[in-house]
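The block underneath contains the structure these notes are about, expressed in structure tokens.
Just so it is clear, none of the values below were taken in a lab; they were calculated from the coordinates. This is a predicted model, so every value here is computed, not measured. As a convention, Cβ positions derive from the backbone with ideal geometry for all residues, glycine included, and neighbour counts pool all protein chains shown.
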Amino acid sequence: MDNVTAVINKQKAGFDTDIMGDLMPLVYDEMKNIARSQLNRERADHTLSTTALVHEAYLKLSSFDRIDLKNRNHFFGIASHVMRNVLASYAVKKNALKRGGDRYKVTLADEALAMECKLEDILSIHQALEKLSQLDERQVRVIECRFFGGMTLDETAEALGVSDRTVSRDWEMARAWLNVELGLSE
């Protein structure tokens, strides 16, 4: 059992613990890797740093009254969701300054896990995911884990408590829906 699992089990057992305070030193490097992966998709002159994204996510996670974590991957699924919201909020603020600009289309395919995105693209994806959440919340969680968190199908399945096949189907359905929503279907 790793240290992250030990902290989560301690919380489950009812010990009065500052779960985020206990977890952060253990997951900090991994969260920085997720943030770095996200920011590598951004334009080169992006002003939000990896450290800033992790710290913003930590502040948001710490502000939750109670996080009922199931396991390590469940934590990273939640962290991916929070990072997505931080990036989307950042994009909204930056976009409000520019009001438009040189937008281009983004395809959510497996290759998209390694592609470069602009703030406007993150905002468009965020808005589309908000619409999708009205139809299927789990598909949104799958996109967050896979696209924003860089998680594998297996890790996503564990984080969401569903089978690999379910994640695979949700991934395909959500990508198809998002491609139509973002005007990328042919």
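For the pair Glu130 and Glu172, what calculated FRET efficiency results from E = 1/(1 + (r/R0)^6), where r is the Cβ-Cβ distance and R0 = 25 Å, to the nearest 0.05?
Taking R0 as 25 Å, the efficiency between Glu172 and Glu130 is 0.75.
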>> Starting from 0.36 nm per residue, how many nanometres of slack lie between Asn40 and His55 once their C-alpha separation is accounted for?
In response: 3.7 nm
>> On a full-extension model of 0.36 nm per residue, what is the gain between Lys70 and Lys12, subtracting their alpha-carbon distance, rounded to one decimal in nm?
In response: 20.0 nm
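How high is the FRET efficiency between Leu184 and Glu137 when r is their beta carbon distance and R₀ equals 30 Å, given to the nearest 0.05?
About 0.85, to the nearest 0.05.
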